[in-house]
Amino acid sequence: MGAAIAAVGLVTTIVGTFLPWLKSGSTTRDSYEVLSLRDLAGLDGVAGTVVTSVWVGLTPLAMVTIALYVVRFPRFAGCAAIVFGTIGGTVALVATVQGDSKGALVGISTSGPVMTLAGAVLTIVGAITVLTSTRRSAVRTSGGNP
């Protein structure tokens, strides 16, 4: 059950990164288009490269995490999902808190950050469920009582 919740959260988070994050006038930009504006925000050079690499790396991390759940490595997948949810959720939370700037020429569009945040929360809840669940073994040890 936890793996299914985490998988839904992973997909929801990635979908949220493609929804509008920034609006200027009648134009909206998703999170990846916002990254292309990083030079304007003073994130050129090494800092900008690291931020871009980590954010763009979320999609492959989500796919690897889902694959780990599918091939039955739930503990590794749970750890990867915690990392994924923490990164995606933190960025989305900051953008969500900044809020929708009604009437401003340039502002944050909340649809992308809110969906990304919701997905990150689901991802973390599912991962914690997987990591804290105990599994009973049907293997009997020899010499024990039947």
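Computed from the coordinates by the stated procedures, all read-outs in this text should not be read as laboratory data. As the structure is a computational prediction, the values presented were derived from the model and not from experiment. Neighbour counts are summed over all protein chains in view; Cβ atoms, including those assigned to glycine, are modelled from backbone coordinates with ideal geometry.
Brief remarks follow.
- Compared with the direct C-alpha span, the chain from SER111 to THR59 gains 16.8 nm at full extension, assuming 0.36 nm per residue.
- With a Förster radius of 22 Å applied to the beta-carbon distance between PHE18 and SER133, the computed FRET efficiency rounds to 0.10.
- If R0 equals 22 Å, the separation of the Cβ atoms of VAL94 and ALA47 corresponds to a calculated FRET efficiency of about 0.85.
- Within region 25-92, the trypsin sites (Lys or Arg not before Pro) that combine a DSSP coil assignment with at most 10 other C-beta atoms in a 10 angstrom radius are ARG72.
- Model label sites at VAL11 and SER26, defined 7 Å from Cα along the beta-carbon direction, differ in position by 3.4 nm.
- When the square roots of the Cα gyration tensor eigenvalues are ordered a ≥ b ≥ c, the ratio a/c for region 1-88 is 1.5 or more and a/b does not exceed b/c, which makes its shape oblate.
- The modelled label-to-label distance for the pair THR86/ALA67, using points 7 Å beyond Cα in the direction of Cβ, is 2.3 nm.
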